[in-house]
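Worksheet: one structure, shown below.
Just so you know, all these numbers are worked out from the coordinates, no wet-lab data involved. Computed from a predicted model, the values in this text were never measured in an experiment. No Cβ is skipped: glycine too gets one built from the backbone with ideal geometry, and neighbour counts run over all protein chains shown.
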Amino acid sequence: MAARAQHSGPAASGGGAPALVPLLLLLLSAAAIIPRGDGQNLVTEDVTVVEGDVATISCRVKNSDDSVIQLLNPNRQTIYFRDFRPLKDSRFQLVNFSNSELRVSLTNVSISDEGRYFCQLYTDPPQEIYTTITVLVPPRNLVIDIQKEIAVEGEEIELNCTAMASRPATTIRWFKGNKELTGKSEVEQWSDMYTVTSQLLLKVGREDDGVPVICLVDHPAVKDLQTQRYLEVMYKPQVRVSQNYPVQGLTREGEPLELTCAAFGKPQPTDMRWLRVDDEMPQHVVVSGSNLLISNLNKTDNGTYRCEASNAVGKSHADYMLFVYDTTATTEPAVHGFTQLPNSAEELDYGDLSDSRAGEEGAIRSVDHAVVGGVVAVVVFAMLCLLIILGRYFARHKGTYFTHEAKGADDAADADTAIINAEGGQNNSEEKKEYFI
C-alpha cells in the first residue's frame with residue numbers, strides 16, 4: 001500500500017520525476033518487507049485559515065526511528081517526500097524537515113485548497129493520518145439599504161443589511177446608537193458561498209434624527225466589520241416662549257412686558273404667529289415677528305397668549321398665561337416661569353417644557369380660593385348647625401297654653417265686674433298659676 005501511495009504521487013504531479021525518485025521507491029518497497037520497531041505514531045492537527053492567508057501543515061512522529069515521512073494532497077498527489085517536492089506548485093514551501101517532523105506551508109490559500117491532506121509514515125505496517133484544511137471567506141460586501149431616505153416622525157421604516165459571498169454564513173447584528181436591536185435574517189447559498197440579508201423594522205421619532213444605524217457582522221474570518229447609515233427624520237416644531245422683561249418678579253400694572261417665541265423643527269418652521277386664546281388681541285399689543293410687546297400693562301390684558309409655529313410636517317404651540325398684579329403687590333409668586341402646552345399626548349414624549357407665568361397665577365389663585373373656600377365652608381357648617389338646633393327647640397316647645405285668669409268673666413257686664421267675679425277674686429290672685437299642656 002505504501003508503494004502504491006508513493007508511486008501515485010510523482011505520477012500525478014506531472015513533469016517527470018528525477019531519477020532519484022524511482023530509486024527511493026524501490027528502497028521503500030524493500031523497506032516495507034523489513035519489520036520496523038513498534039510504538040511509532042503520527043500526530044497532526046486540523047487547520048483553519050482565512051482565504052488568501054498562509055496555512056501550515058505539520059506531520060510529526062513520536063518515537064521516531066528514521067522512517068520516511070510523506071505529505072499528500074486531497075487528490076493523493078505527493079506534495080513532499082522527505083524534503084523533496086515532486087508537486088510543481090510553488091505555493092507549497094518546506095518549513096522544517098527532520099526525522100520526527102515534516103512541516104509545510106501553503107501560501108495564498110483559496111477555496112480549492114480545502115480538504116483532507118494525508119501524512120504517511122513508511123513503517124511495517126505503514127501508518128497514515130489526515131489533517132483537514134478549512135478555508136474561511138469573509139463577506140465581500142456589507143451594504144445597508146433604507147426604504148425611505150427621509151422619514152417623518154411616527155413612521156415605521158424598513159432597513160436591509162446584506163453580507164455577500166461569505167463562508168460560513170455570517171451573523172448580522174443591528175445597533176441604533178449604542179442600543180442593540182433585533183432583525184430578521186434570511187440565508188441564501190450559492191455553490192460554497194452564503195449571502196445573508198437581515199431586515200430591520202424601525203419606528204422613528206424626532207430623537208432619532210441624525211442617529212447612526214449600524215449593521216455589524218459576526219464572522220470568524222473578520223473582526224469589526226460594520227457599516228452604518230444616519231437616519232434623517234422630519235418632525236413638527238418645538239415651541240418655546242421666554243419672558244425678556246421683566247426678567248424677574250411680578251408683572252404689575254403700568255409696567256412693560258416683552259415675550260419672545262422660539263421654534264425648532266425639521267424642516268425649520270416658516271410660519272410663526274401670536275394670538276390670544278378665547279379673546280381678541282388687545283389693540284395696544286405690538287407683535288413684531290417672534291416678539292410680543294405690551295408697553296403699559298393693565299388688568300384687561302389678563303389672559304392666555306399663544307405662539308403657534310408650523311412646518312411641512314405639522315403645527316405646534318406654546319402658551320403664556322398673563323396675570324397683571326396691582327402696583328402695591330409685593331408677594332412673589334410660588335412658581336416662576338412658562339409652560340409649553342402640548343398639542344397632543346404624543347408631544348408629551350418629545351416637547352420640551354419651557355417656563356410660564358401660568359405658575360404665578362395658578363399658585364396665587366389656588367391659595368386665595370383655598371382660603372375663601374375654607375371660610376365659606378365654616379360659615380355654612382355653622383348655619384346648618386344653628387338651623388338644626390332651632391328646629392329641635394321649636395319642635396319640643398310646640399303646644400297650647402291655658403290660664404285661670406278668665407274664669408267668671410263670661411257672665412260679667414264689664415271688665416271690672418269680670419275681675420271681681422273671677423274665681424278667687426283679688427284675694428286669690430297670688431294663687432293663679434299657669435299650666436303647660
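Computed on the Cα atoms alone, the convex hull of region 152-241 gives a volume of 92 cubic angstrom per residue.
Separation of the alpha carbons by more than 29 angstrom is noted, of Lys184/Lys223; Lys62/Lys223; Lys148/Lys184; Lys179/Lys223, for Lys62/Lys223. Each 5 Å bin from zero holds the following percent of Cα-Cα pairs in region 48-118: 3, 17, 28, 27, 15, 7, 3, 0. If the segment from Val376 to Met272 were pulled out straight at 0.36 nm per residue, it would be longer than the present Cα-Cα gap by 32.8 nm.
Once every Cα of region 231-282 carries one equal point scatterer and solvent is ignored, give the base-10 log of I(q)/I(0) from the Debye formula at q = 0.18, 0.22, 0.30 Å⁻¹, two decimals. The calculated log intensity ratios at q = 0.18, 0.22, 0.30 Å⁻¹ are -0.78, -0.96, -1.16.
Please quote Rg/Rh for region 125-274 to two decimal places, taking the Kirkwood radius as Rh and restricting both calculations to Cα atoms. Reported Rg/Rh, Kirkwood definition of Rh: 1.36. In this entry, region 204-292 is assigned a mean projected area of 10.0 nm², taken as a quarter of its C-alpha convex hull surface.
If the segment from Asp65 to Glu258 were pulled out straight at 0.36 nm per residue, it would be longer than the present Cα-Cα gap by 59.2 nm. Between the C-alpha center of region 78-127 and that of region 153-222 there is a gap of 42 Å.
Placing R0 at 51 angstrom, the Cβ-Cβ distance between Ser288 and Leu387 gives a FRET efficiency of 0.25 after rounding to 0.05.
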